[in-house]
Every structure is written in C-alpha cells, then in structure tokens.
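Colleague: Quick one: this structure, given as structure tokens, is what I'll be asking you about.
The values are calculated or read from the model by the stated rules, or taken from the named source; none is laboratory data. All values reported here derive from a predicted model rather than from experimental measurement. Neighbour counts are summed over all protein chains in view; Cβ atoms, including those assigned to glycine, are modelled from backbone coordinates with ideal geometry.
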Amino acid sequence: MDRWLLVFTGGILSASLHSDIKFWLIVSTIALLLLAIAYAFLYFRQREVKQRTIVLLLMVLFCGILWANANLYWQNLRAVPDRLIDRETHLTLVVDEISRRYPFHIRMTGRVEVLAGKILPFWQQPRVQLNWYNSHHKQVPKAGERWQLEVKLKQATDYRNQGSFRYRQYLLRNNIYALGTVKDSEKLTRSISFRQKIFNGIEQADLSEPGILAALTIGERSLLTSATREIWQKTGLAHSLAISGLHLGMVAGAAILFFRFCFHCFPISLQTRERLNIRLWSLAFAAMVVTGYAGLADFSISTVRALTMFLVVLLHIVLNLKLNPLSLLLRVVAAVLVVDVFAWQDPGFWLSVTAVAALFLASWRWSKSRGRFSALKSLWSIQWLLLVVMSPLSFLLFGGFSLFAPVVNLLVLPVISFWLLPLALIGTVLALFDSGFAVLFWQLAEFPVNYLNPLLEAVAGHPANWLELNQWPITRAARFAALFALTVAMLLPVSRGWHRLGLLLCLPVAAFLFFNQRDGKLRLHVLDVGQSQAVVLEKDGKAMLIDTGIEFNSGFSVAESVIEPFLNYHGLRPELAFISHGDRDHNGGRDFLMQRYPQLEWRGDASDKPCRAGDTGEWNSMQWEVLWPTPAYQDANRLSKNNRSCVLRISYKSFSIFLPGDIEMTAEQLLLESLHELSEANSNVLLIPHHGSKTSTSWPLLQAVNADVYLISYGKHSGYDFPHRYTLERLSRTQKPWFGTRDSGQLTIVSDGNTWSLELPFENR
C-alpha cells in the first residue's frame, strides 16, 4: 500500500505546484484516468503483472493529480470576481473573528453570504479580511454576528523579495480571498459564537499573559505581544503556542481518563460492562472531544493538519494495525495532503513532519534506555535529537536556532502539558456555566507563567542561546548544505562500514562548504516595497542601506517584513545606513532597524550626521559621495522636503550608482548647477527619483547621468500614477532600458567593478 500512497502523494504535489488551474485541465485528467482504466482492463485479461502494475500506478497518479486540480478549481470558484475589485460594493458578512485591534481601527475576517446582491451557495462563499477604521465610534462587531456592510475590496499583493513573507500565499492558505475597507455598516443579528465568548472572557479577566491562554485554548494568537512571541521563539517554545499534536494528545488522554472514570462510576451490571468494549468507546469519545477542541480553534489550517495526523494514528490504534514508523509517517502525510493539498507550502507542515520523523528516528539511532531514570534519559535524548534534526530547518525558516532549546523544553513542556493546558481547558468548559469559576481556573493556569517568563527572557537574551548562522561569511545555500551534512554525520551510526563511509564523506563536504567564501562582487538590490523605497548594497557579507521603506498606522513595517528577512536570507550584516529624507515611505522603518541593529551607523535625515554636498567616505572598498543638498539649501524654508533629499553617488572601481531620493526638477536643476562638471554625475545605474513622478527626472538630469539602465521603485496605488507617462516618454528618448519593482519585483544589479549584469529573481512569478 505504501507505494500507492507515495504515487498518489506525488500526483498531488505535482499538480499543486501551479495555482492557475483551468476546467479543461480537470477534464483532460479525467480523460487520461478513464483511458488508464480501460487499458488496465485489457491487461487484467492478459494477466501481465508488470504492465498491469504500471497502469495501476498511473491510475493512482492521475487520481492524485485530479484531486489536487479539483481542489484548486474549487479554490478559484470561491475567489472574489475581478469586476468587484477596487470598487465599492455591498455584502453580508458572518464574522469569524476579530484578528487585530488597533487604537483607531479593527481588523476582522468573515464569511460572505451575499455579495453584490447575489446569494452565494455555501461551497462558494469566500472569506474576506476587512479593516474597519473609526470603529471605536460604533458598536464593535463580534464573532458569530451577521452584518450588512458597504466595503471597498482589493486583492492582496506580495512583496516579491528574497526572504520576504508571502502575504498573499498566507491569506490563501487561510482561505482568505480578498481584503477590504468598511465604508458603512448595519448589524443584522446579535448572537455571538462560543469561541468569541471565551475570547472575551480571557481578554476581560485579570491575567498577566492572556495571549498565552488564548493561544492554547482557542488557537487565537492576536493577544500575544511581539516580545512574548520573540522570547518563546528564541527559546524553542514557539511550537507550544500553536495547537498541535501535543495539545491534541493531552486533550485525548484527559478525555479517555474522564470516560473511563465515568464508565466505572456509572451504575451498570457487570455483564454489560464485560459486553462493552471500553477501549473502543473511550477512543471514540476521545476522537469526538479532540474534534470539538479543534472546532473551538475554528478549524484553523494548523489545527486541521494536527487533527488529521491525530485521527490517522488513532484509527491505526483502533484497528490494531502493526506498521513500521516510516509507513505510518507516509500515511499521515498522505492524509494531510488529501485534506489540504497546499499543506506542503506551509512551514508548519515541514516542522511537524520533521519532528515526527525525528521521533521515529530515535528508535533506530539509539536503543531504549533501561534502569533508573530511564524515562528522563529518553526524554533528554529525544530533545537533543530534535535539536540536531530540526536545526537546518530552523535555520532556513528563522535564520538560526536555540542551543538551550532541549533544556528549556524539558523544563517547560511538562508545566504546559500537566498544569497550564488542563486548567485552561477546564476554565474554558466552566465558562459555559459560570464565568467566575472560569476566571479562577484561568488565573491558576497562568500562575507558573509569571515565574517562567523572567527565566525565558534571561535565556532568550543570553548571547550563547541563539546561534545565528547568518553572520558567517558564506552563502545561504552553503550554510544550509553544510549544516545538513553535519546533521547527517552526527546521526549516522558508526557500527557498520557503509555508515563510516557516509561519515567520512559528510565531514569533508561540510568543511568545504563552511569555507566557501563569497565571490566579492557588489550587488545593488532595489527591494519591492510598494509605493516606498528601500535599497540594499551588498558586498562580502556586509550591507549598506539607503532608505528603510514605509511603516503604516496599522503597525505593518516594511523594515520588519521585508528588509530584515532579506538581510537574514543573504546573511548580511548592515553597517551603514542613509536616509534620503524624512517622508515615512523612506524613513518608516528606521526605529525598528535601530533597535534590531544597534551597531548600525546612520547618516542623512534626523541623524547626527546629516547629508551635505561634498561629504565623502569609503565603505567596504566602495566610495560614496554626497552631491546634494548644498549648505545653502539645507534650510527647510528654501526648499521642500523632497527637494532636500540626500543625493548619493556610489562607486566601485569603474562602476557607479546614482541615488537621488525624491528630488524634483527644481532640485535637479540646482544640483546640476552646483557641479563643477556634469560628468561628476555620470553613472552606470540611475534609480529614478520620486518613484517616477512627472515632477522629477528632467531631461538635463538624464543627460548628465547618462546611465546604462534605469530602475524605478514604485507600487500599485490608486492615488498615484507612477511612473508617469511624461517620465516614461523621457526615458524612451534615451533608448536605454528601464525596470520597475511593481512589475518585476526585486531588482538586482551585480558588478565586479568593471562589468555589470541585471538579475530579476521574480520576473515570471
């Protein structure tokens, strides 16, 4: 059976690689499947085993492809029609949850029952995420309520950069098909869900860490502070804040004990007791309770994945199926992919699978401990095994891993499993009857958290705890490959000859990769940050930043979501940063980066080293020079903020880059007049000023710079028309190519100081 599952899973994976699924693909797959079935019947009659097996495998493969295509097609059916995007429309929304609360607005998700006057069938009802500004002036919606809303919908977009968070993919993974803004509202029903009642009770209770209890009980993580998230991540405990197989197992165990206790206490005859299969009924009861617990968490993607894994294992226990661990793992993975064909795109899926595989590996790598403290020894071995096996994946996802995680997990997980989670769930059940008793149990549940948090904070802040491999001067691929090779070498037993050979091969490969240094080339990265600007210059593992992108009132920061992940992806250490001017689309991420990188030297706007024409310096074998503003025009009364932007020219050997900020034609003229010779502005690359506005990029500036290629940082924004057609007309006169971040995503120029080339990592994505 394993090979059939493997082929079926392969069909699902191959089909789910593409998101643009048409109806004819499903029809063609069905046709191929029918053809394979007819062909199989012919071979059945001829009793040709090998050919028959091949045809059957093809049939299973086509079934996997068909299943994935059908899921993708169904997903496209639930998408919001393009004709309703970027326009105001009316809809009826059943609120699922209030995911975020801000001082002046809330963010909520819900299921659309009526869209633009059309009643949608249940299978076609999309989920949308809406921002409701000035909601504090009105009645705040709650989960379970039905509202009539006037909204303006839009499609989610991704920032296409290496290492960036894939927001659109994240939303689709959570069945959210559109974003929007609430313009007007009318409540239709007042009933709220039980999940919302629990959330309100936890939020209103006098708790020091309500976010931890909400995450463990109902899978709601919006109350978690960013500090708590970071501390628990850097101590290797982040997995315990998401409802996983560990939590489901604890709930199932409690349900089994409760059922058996009630069974023995119930007054029934001995003959009836012997006739009933207590084991089967207790497992069935546990399955129902666990499913209810998952429903309490609103059947989130991660919860459904954990529930599927749990039910598959439970089914094998009920049927008394004796399987080896790898076969069981394959069946669990296949079941998850049947339920959710996109599960493999979720990092949590790989974390779960890797953790389960590591537990199976424990029985192969080490023999069972015997004697005194055998259970403690086994737990200790498993924790260190998880660290070794999951370190490459943790590095790939988070940029490093915690060396103290085994010790912390060994100390904290029993507290969560046997104290915090049971009491929190008891409080949740009591919330049905008496909120006072519920609050009491919630307070008892979080009691150890008050003592754990200072300990975890100290561990997270210890320099030896978090090992960041991004600081090593080698490529990202080399770091990951070396770490993977070392992991394999540590796991291989040395009792057999071929194992010794593997060990001897892994160690030289790891050593070679660790000493595989960078190529010494300069790379200019114009990041895709929407209608803002962020530029990274990279060389030999060090980085220079020019502008830091925008930070919105909602708290979303380009620096946190794009710049820092990009730096971690490439293993870069930022050393120098220029802020061209104080507009928030250029300076929004400064505070975050100052906190994250305290050693970073800042120049330009709002720093103690403002830009002055004539300032020069050398950084990492590159020369930078400030061309504007001159001292005479630094006064705020003489020129606008845009026209006082810091204009930089950066040179590496014979290669140069011109970075003019947001200067407009007035400043462009004054800049050219201030130069001794126009050739001082000559550069290979020009970053078009002010995102391609019609008030910038004059013809004299284009002539003076005489660039080989033009780059434009801009995004989709209904309020702007960037790049303006007048600007594009002037660029076309130069007969030189131009590229923009909105269409191409991240733009990268690579130069050895003499020649250069353009890389577009996301051109066709």
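Colleague: I'd like the full set of residues that are farther than 19 Å from Thr630 by Cβ and either under 37 Å from the mean Cα position of the chain (by Cα) or not polar (S, T, N, Q) (or both), limited to segment 664-696.
Modeller: Answer for segment 664-696, where residues must be farther than 19 Å from Thr630 by Cβ and either under 37 Å from the mean Cα position of the chain (by Cα) or not polar (S, T, N, Q) (or both): Asn684, Val685, Leu686, Leu687, Ile688, His690, His691, Gly692, Ser693, Lys694.
Colleague: Working carefully through the options Glu186, Glu145, Glu203, find the one that is surrounded by fewer than 18 Cβ atoms within 10 Å (Cβ to Cβ), of a type in the set (D, E, K, R), under 18 Å from Ser99 (Cα atoms) and modelled with pLDDT under 90.
Modeller: Glu203
Colleague: Give segment 520-537 a look and list any residue that's more than 21 Å from the chain's Cα centre (by Cα) and either surrounded by 24 or more Cβ atoms within 10 Å (Cβ to Cβ) or farther than 15 Å from Asp662 by Cβ (or both), or say none.
Modeller: Correct list: Gly520, Lys521, Leu522, Arg523, Leu524, His525, Val526, Ser532, Gln533, Val535, Val536, Leu537.
Colleague: Please verify whether segment 718-737 includes one or more residues that are part of a strand (DSSP E or B), surrounded by 15 or more Cβ atoms within 10 Å (Cβ to Cβ) and in the same structural domain as Ile663 (by TED's automatic domain parsing).
Modeller: There is no residue in segment 718-737 that is part of a strand (DSSP E or B), surrounded by 15 or more Cβ atoms within 10 Å (Cβ to Cβ) and in the same structural domain as Ile663 (by TED's automatic domain parsing).
Colleague: When residues of segment 86-103 are filtered for being under 21 Å from Glu220 (Cα atoms) and either surrounded by fewer than 19 Cβ atoms within 10 Å (Cβ to Cβ) or hydroxyl-bearing (Ser, Thr, Tyr) (or both), how many remain?
Modeller: 6
Colleague: Next up: Tally time: how many residues in segment 541-564 are at pLDDT below 90 and either touching a Pro at 6+ places or on another chain (Cβ under 7 Å) or crowded, with 24+ Cβ neighbours inside 10 Å (or both)?
Modeller: Here the count works out to 1.
Colleague: Give the number of residues within segment 738-765 that are part of a loop (DSSP other than H, G, I, E, B), surrounded by 12 or more Cβ atoms within 10 Å (Cβ to Cβ) and more than 23 Å from the chain's Cα centre (by Cα).
Modeller: The number of residues fulfilling the criteria is 2.
Colleague: Every residue in segment 403-417 that is modelled with pLDDT under 80 and either outside any helix (DSSP H, G or I) or loosely packed, with under 15 Cβ neighbours inside 10 Å (or both), please.
Modeller: Leu403
Colleague: Every residue in segment 221-269 that is under 26 Å from Asn200 (Cβ atoms) and aromatic (Phe, Trp, Tyr), please.
Modeller: Trp232
Colleague: What tally of residues in segment 628-668 results from selecting those that are in contact with a helix residue (DSSP H, G or I) (Cβ under 6 Å, 6 or more places away or on another chain), farther than 18 Å from Ile712 by Cα and part of a strand (DSSP E or B)?
Modeller: Summing the residues that are in contact with a helix residue (DSSP H, G or I) (Cβ under 6 Å, 6 or more places away or on another chain), farther than 18 Å from Ile712 by Cα and part of a strand (DSSP E or B) in segment 628-668 gives 1.
Colleague: Please indicate, with yes or no, whether at least one residue in segment 326-343 is under 27 Å from Gln75 (Cβ atoms), outside any loop (DSSP other than H, G, I, E, B) and within 17 Å of the chain's Cα centre (by Cα).
Modeller: Scanning segment 326-343, I find at least one residue that is under 27 Å from Gln75 (Cβ atoms), outside any loop (DSSP other than H, G, I, E, B) and within 17 Å of the chain's Cα centre (by Cα), so the answer is yes.
Colleague: Still on this model: When segment 562-591 is examined, which residues are found to be touching a helix residue (DSSP H, G or I) at 6+ places or on another chain (Cβ under 8 Å) and within 21 Å of His105 (Cα to Cα)?
Modeller: The answer is Gly588, and nothing else.
Colleague: Return yes when Glu230 is assigned to a helix (DSSP H, G or I) and either among the hydroxyl-bearing types (Ser, Thr, Tyr) or out of contact with any Cys (no Cβ under 7 Å at 6 or more places or on another chain) (or both) and no when it is not.
Modeller: yes
Colleague: Here's another thing I want to ask about it. Could you count how many residues in segment 612-639 are closer than 22 Å to Leu600 by Cα, small (Gly, Ala, Ser) and without any contact (Cβ under 8 Å) to a residue 40 or more places away in the chain?
Modeller: Counting residues in segment 612-639 that are closer than 22 Å to Leu600 by Cα, small (Gly, Ala, Ser) and without any contact (Cβ under 8 Å) to a residue 40 or more places away in the chain gives 1.
Conditions tested, residue by residue: (1) in the same structural domain as Leu13 (by TED's automatic domain parsing); (2) surrounded by fewer than 20 Cβ atoms within 10 Å (Cβ to Cβ); (3) of a type outside the set (D, E, K, R); (4) over 17 Å from Ala287 (Cα atoms).
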position	(1), (2), (3), (4)
Ile301	no, yes, yes, yes
Arg305	no, no, no, no
Phe310	no, no, yes, no
Lys322	no, yes, no, yes
Leu330	no, yes, yes, yes
